[in-house]
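One structure is given here, and the rest of the page talks about it.
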Amino acid sequence: MKELSTTSKIFKVNRRDFLKNTSLSVGGLMLGFQFSCTGESKPNWQQLPEGQTFKLNTYLSINERGDIILMAHRSEMGQGVRTTVPMMLAEELEADWSRVKIVQSEGDEETYGNQNTDGSFSIRMFYMPMRKAGATVRTMLERAAAEKWKVNPSECKAENHQVKHLPSGKTFHYGELAASAAKLPIPKEAEVKLKDPKNFKLIGKGVSIIDMDDIITGKATFGMDAKMEGMKIAMIQRCPVVGGEIKSFNEEEIAKMPGIKKVMQIKSSGFPAGFDKPLGGVVIVGDDTWSVIKARKALKVEWNYGANASYDSEAFLKSLNDKAKQKGTIRRENGKVEEAFQNADQIVEATYQLPHYAHSPMETPCALVHVKDNKCEIWAPTQHPQWAKGAVAGAIGLDVKNVKINITLLGGGFGRKSKPDFIVEAALISKESGFPIKLIWTREDDVQHDFYHALSVQHVRVALDKDKKVLGWNQRSLFQPIGGTADPNAKEPDTGELGLGYIDFPFAIPNLCLETNQAIPQIRIGWLRSVANIQHAFAIGSMIDEVAVARKVDPAQNLIDLLGDDRILDIKKDVKDFSNYGEKPEDYPWDIARLRKVIELVKEKSNWGKKLGKGRGQGITAHRSFLTYVACVVEVAIDEKGNISIPEVHYAVDCGVAVNPERIKSQFEGGAAFAVGIALKNQITVKEGKVVQGNFNNYEQARMTDAPKQVFVHLVESTEKPTGVGEPPVPPVIPALCNAVYAATGQRIRELPLRLS
């Protein structure tokens, strides 16, 4: 494995600081770790001014009993990060996993550094630094044992929570060495030896999430479970059109209702306002949830809907369809595309269309906030605590140091809970009312006031010569840019969004032109699990299958043919600001050989091309996202009434070192169901600026009858650096499913949600 040059540092922590930052009273060995291991702005430790305070990402302590306490500084939303990140340290530490206790840290950049849990980067960011930290502590324990025995440290070996003197067989458990190790100097990095991966006991073996028992027994604390003495419940009636304002409402009538403590307004932030501003509306504060719900139902609000009242999503899609036929802004170009089409013997052409999607995590947005005596304390299910702290501080006029945020478990996130608007709302209400406030979004609030996935239209033309060789590919990608939620000048997607499965187009087609065109948002747009990879994988994966039919080539073989020779793609040659998911291409190259390998693996494991009965078919797609290579085969069965079932989904996955295979497989199993919901059920429509759907009765989710009956996840054995697994499961399922429907019925699916004629 090529190792990144990381900037990491380990510190001794005094008991006072440890207690202040963790609220844990412990003895023995206490260390803090600073990890800065991604991006190009990493500090050089040797160049930092003398006396500068380092930001620590996490803490570790070992007490006299040998118990290990490790602070988890990432947000847990079902992906297993609170288990897998500490597990990497425990592996090198040779810790008994049953004796490791994980404690959730608060949100504090000064103490823990970057805590943004988004973008599928936690494992790739911390793999090597956490291993180095564990190995450093192991080395200190071995040296402490050597001093006690007065022997050479080379004779001492840590294993399974104890240090053994190899010649004599004598042992010390970690608790007996903790105090002595705390007195030793921290070894230099060159003195620390990492384990040979063949000796791993945790990494690559699969470990159940540490929260499992508490979740199953109901002991786990999610955001919706947070409570404090004297708290009141709040809900907000928001304008159904984003950016709208209150004209009038029956305030006096509502204030007199039983259990109601306060009725107030939050001023609309307008549009576009960004991701951390409240939508505004009528706030009702009461003693209990039911009293507040009844009062909100009795509200009579007259609104000024504003400019976005004209937004109609169906009409907007139609306008994008028309615009997709027109020449757009070129975002990547190779060769002579127009000449290729002029010389073509056959042109394959299609338009692919997707609606808006809502996040709809099972736990809706919620937050408990208490503002008192110029201080603010928050309990919230947030993916981005630092952003939440800063946004709250700005909204209520406090120094960010006077805002404390406690991170609860998240009942799902998918990117929604990285935006802190709902936490800001709770803080404003608490400051104005004087109460500790538990703000609750109902499912209707969640569905109708989300940051939606952009609707999109993708128009693709492919030129073939008389020998069925692909000469040219021209694609136009039209969707509302996420940046338009904050910036009125953002009218086309930026390069970051286009780097999600579009401008990183991998196929060896000599003449290529990728374009965009304007699609101005009139509704809040945000990032949803796998982001723009959804529409790009759908269009490209579907068209590749259509090309296979035109070429009269097996779809899997067609994929391999179009990839061309094994090579490293140099996207930056064509697109100067290509972001590569925030990583340098030389550290995480776009490797065609790895994509080819997962295609070949999924063919084998799915028994690709097997004989199937009437109404059954297989579809295949391959896609790289978040630096992970995935190939997917979906098998469908369609009965005489047109009902679709999915007997099998097969994934082949190259995510580098598979740190925790159990969690990787669970992410792909859940991702398959998530993707099927997008393909078969999900659809947000907007009329007169108002979201039509309001709950799961009309914003449908994949039911058990829709979900794949079996999901097989085949992991490529790899020594490459770990990459993301939370988002890569979603994009390839959707085109593979549509391609399977074509194989079963002969009907092409170019518009979602999928409907058979």
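The values are calculated or read from the model by the stated rules, or taken from the named source; none is laboratory data. It should be emphasised that the depicted structure is a prediction, and the values quoted were computed from it without experimental measurement. All Cβ positions, glycine included, derive from the backbone under ideal geometry; neighbour counts span all protein chains shown. The protein model used for the area step is the full one, side chains on, heavy atoms only, and it has no ligands, DNA or RNA in it. Shrake-Rupley method; radii C 1.70, N 1.55, O 1.52, S 1.80 Å.
Quick notes on this structure:
- At R0 = 35 Å, FRET efficiency that the Cβ-Cβ distance of residue 568 and residue 604 yields, to 0.05: 0.90
- Applied to the stretch 63-73, the Karplus parametrisation 6.51 cos²θ - 1.76 cosθ + 1.60 on θ = phi - 60° returns per-residue 3J(HN,Hα) values of 8, 5, 7, x, 6, 10, 10, 10, 7, 9, 10 Hz, with x for Gly and Pro.
- Accessible-area composition of the stretch 154-200, carbon plus sulfur, in percent [1.4 Å probe]: 49
- Each Lys or Arg adds one and each Asp or Glu subtracts one; over the other residues with Cβ under 15 Å from the Cβ of residue 552, this totals -3.
- Listed by chain and number, the lysines placed with their C-alpha closer than 20 angstrom to that of residue 201 are 101, 132, 157, 164, 193, 665, 721; residues fewer than eight positions away on the same chain are left out.
- Sparse-neighbourhood loop sites, chymotrypsin sites (Phe, Trp or Tyr not before Pro) in the stretch 657-757 - DSSP loop, at most 16 other Cβ within 10 angstrom: 696
- For the stretch 617-719, GluC sites (Glu not before Pro) meeting the loop criterion (DSSP other than H, G, I, E, B) and having at most 16 other Cβ atoms within 10 Å: 640, 688, 700, 717.
- With a Förster radius of 41 Å applied to the beta-carbon distance between residue 168 and residue 208, the computed FRET efficiency rounds to 0.65.
- A convex hull fitted around the alpha carbon atoms of the stretch 684-757 yields 178 Å³ per residue.
- Scanning residues 5 or more positions from residue 405 or on other chains, those with amide H under 5 Å from its amide H are 107, 378, with H placed 1.01 Å from N in the peptide plane.
- The stretch 405-447 - Rg and Dmax from Cα coordinates, angstrom: 11.5, 33
- Distance-filtered residues of the stretch 77-97 - backbone nitrogen under 13 Å, label point 7 angstrom along residue 200 Cα→Cβ: 84-85, 87-92
- For the chain, the solvent-accessible area of protein heavy atoms averages 40 Å² per residue (probe radius 1.4 Å; ligands and nucleic acids excluded).
- Backbone phi angles across the stretch 154-160, fed through the Karplus curve with coefficients 6.51, -1.76 and 1.60 (θ = phi - 60°), yield HN-Hα couplings of 5, 8, 10, 9, 7, 7, 6 Hz in residue order; Gly and Pro are listed as x.
- Between residue 640 and residue 215, the simple label model (points 7 Å from Cα in the Cβ direction) yields a spacing of 4.3 nm.
- Whole-percent carbon and sulfur share, accessible surface of the stretch 550-708, 1.4 Å: 47
- The amide H of residue 454, built 1.01 Å from its N in the peptide plane, has 526 as neighbours under 5 Å, considering only residues 5 or more places off or on other chains.
- The eigenvalues of the Cα gyration tensor, multiplied by 5 and square-rooted, give the stretch 175-317 an equivalent ellipsoid with semi-axes of 52, 25, 17 Å from largest to smallest.
- Backbone amide hydrogens, once placed in the peptide plane, bring residue 346 within less than 5 Å of 464, excluding anything fewer than 5 places away on its chain.
- Projected label distance in nm at residue 227 and residue 186, using a 7 Å step from Cα toward the beta-carbon: 4.1
- Cα shape, the chain, gyration tensor, a/c 1.5 rule: oblate
- Just so you know, the Cα atoms of the stretch 497-628 work out to an Rg and Dmax of 16.4, 49 Å.
- For residue 664, the solvent-accessible surface computed with a 1.4 Å probe is close to 10 Å², ligands and nucleic acids excluded.
- Equivalent-ellipsoid semi-axes of the stretch 589-682, from the Cα gyration tensor, Å, largest first: 26, 16, 11
- Selection of trypsin sites (Lys or Arg not before Pro), the stretch 654-757, meeting DSSP coil and at most 13 other Cβ within 10 Å: 703, 709, 755
- Spin-label model, residue 709 to residue 319: label points 7 Å out along the Cα-to-beta-carbon direction sit 4.6 nm apart.
- Beta-bridge orientation, the chain: approximately 75 percent antiparallel, per DSSP, counting only bridges with both partners inside.
- The phi-based Karplus calculation (6.51 cos²θ - 1.76 cosθ + 1.60; θ = phi - 60°) puts the 3J(HN,Hα) values of the stretch 347-359 at 10, 9, 9, 7, 10, 10, 10, 10, x, 5, 10, 9, 6 Hz, whole numbers, x for Gly and Pro.
- Among complete DSSP H helices in the chain, those whose alpha-carbon atoms stretch at least 27 Å along the helix's long axis and whose mean Kyte-Doolittle hydropathy reaches 0.0 are 661-680.
- Legend: residue pairs 552/610; 195/219; 277/404; 247/372, Cα-Cα distance threshold 28 Å; pairs beyond threshold, 195/219; 247/372.
- List 125, 231, 212, 88, ordered by accessible area with a 1.4 Å probe, largest first: 212, 231, 125, 88
- Cα-Cα over 26 Å, subset of 468/681; 468/491; 389/438; 323/603: 468/681; 468/491; 323/603
- Estimated translational diffusion coefficient (Stokes-Einstein, Kirkwood radius over Cα pairs, 10 °C, 1.306 mPa s) of the stretch 171-237: 87 µm² per second.
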